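Here the structure comes first, spelled out in structure tokens, and everything after it is commentary.
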Amino acid sequence: MEIADLVPVVSVLLAGSVIQAMAGFGLGMFSIPLLLWLGHPSWVAIPICVATTLVQSAYGLAQMRRHVDWRGLLPLAWLPALAMPLGVMAQAELAELGPARTRQAYGALILALLLVQLAWRARPREHVGRGWTLAAMLSGGFMSGSAGMGGPPIVLWVMAHTWGNERSRSAILLLFACMAPAVTALLWLRFGSEVPRAFGLGLLLAPLGLLGFAPGLWLGRRIPKAGLRLLAYAILATLSLYAIARPGPT
């Protein structure tokens, strides 16, 4: 990638990092459609975001380590990987539609996910049932493999708990970090050598993306939980509608 090509990629990751740190989710949903619009295929855009998310999740977990429920979350962290192979197969089929249709499909997917999250009215509780937990983890794994956007089911599961801001965001970051190696390995097996190169690029750019993490964490501590969600939804909804209406070149 030329230097001129890196500037928009860094800008996208920087803005996505602010959203991710602020709300606990959103880097993939924000960055992947924009990277597709810039001309990168999904199997390049996703590893870039996955690598950046991994570094930022580790940084965020270090900042919030006192709030992480390691014992409760780590036994669940392997579940998303079970559904990732089906997701990667779906991504390969989607790529056959061509770049413009792929971008529109990603925009429609984001919009659908946001509508589901807005309509979700589960009463928060201390413990969520095993069936709902399994469904959230598996659907998150499938969506991570198919579109690099495994966050929404995980976020819904976390939000269904009576947890505070710090514990909720740390739980999301931990589960995101655990999904990253599995989805990268599966993409590598399916799409070849472009995947590890893109993942390496994401690792190299991650320190620049961290510049947006500190202000995002600062905002996240000062904006109420409901306000964080609405702000993130507004940004992502605007992006998804633009991707549907203006998908860019074929």
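The values are calculated or read from the model by the stated rules, or taken from the named source; none is laboratory data. These figures come from a predicted structure and were not determined experimentally. Glycine also receives a Cβ, built like all others from the backbone with ideal geometry; neighbour counts cover every protein chain displayed.
Scanning the stretch 189-207 for residues that are under 17 Å from ALA45 (Cβ atoms) and surrounded by fewer than 18 Cβ atoms within 10 Å (Cβ to Cβ) returns ARG190, GLY192, SER193, GLU194, PRO196, ARG197, GLY200, LEU203, LEU204. Just to be sure before I move on: is ALA177 aliphatic (A, V, I, L, M) and either over 29 Å from PRO41 (Cα atoms) or surrounded by fewer than 17 Cβ atoms within 10 Å (Cβ to Cβ) (or both) in the structure I sent? It is false that ALA177 is aliphatic (A, V, I, L, M) and either over 29 Å from PRO41 (Cα atoms) or surrounded by fewer than 17 Cβ atoms within 10 Å (Cβ to Cβ) (or both).
Residues in the stretch 124-140 that are free of Cβ contacts under 8 Å to residues at least 40 places away in the same chain and either of a type in the set (Lys, Arg) or part of a helix (DSSP H, G or I) (or both): ARG125, ARG130, GLY131, TRP132, ALA135, ALA136.
Here the helices (runs of 4 or more DSSP H) wholly within the stretch 20-116 that include at least 3 residues being in contact with a Leu (Cβ under 8 Å, 6 or more places away or on another chain) are 27-37, 42-63, 80-95.
Per this entry, ALA182 is not counted among residues that are over 18 Å from LEU114 (Cβ atoms), surrounded by 21 or more Cβ atoms within 10 Å (Cβ to Cβ), at pLDDT 75 or above and aliphatic (A, V, I, L, M). ALA51 meets the stated requirement of being in contact (Cβ under 8 Å) with a residue 12 or more places away in the chain and within 26 Å of ALA237 (Cα to Cα). If you go through the stretch 197-250 and pick out every residue that is among the polar types (S, T, N, Q) and at pLDDT below 75, you end up with 1.
The number of residues in the stretch 73-99 that are exposed (fewer than 14 other Cβ atoms within 10 Å of the Cβ) and among the β-branched types (Val, Ile, Thr) comes to 0. The helices (runs of 4 or more DSSP H) falling completely within the stretch 141-250 that include 1 or more residues that are in contact with a strand residue (DSSP E or B) (Cβ under 9 Å, 6 or more places away or on another chain) map to 165-191.
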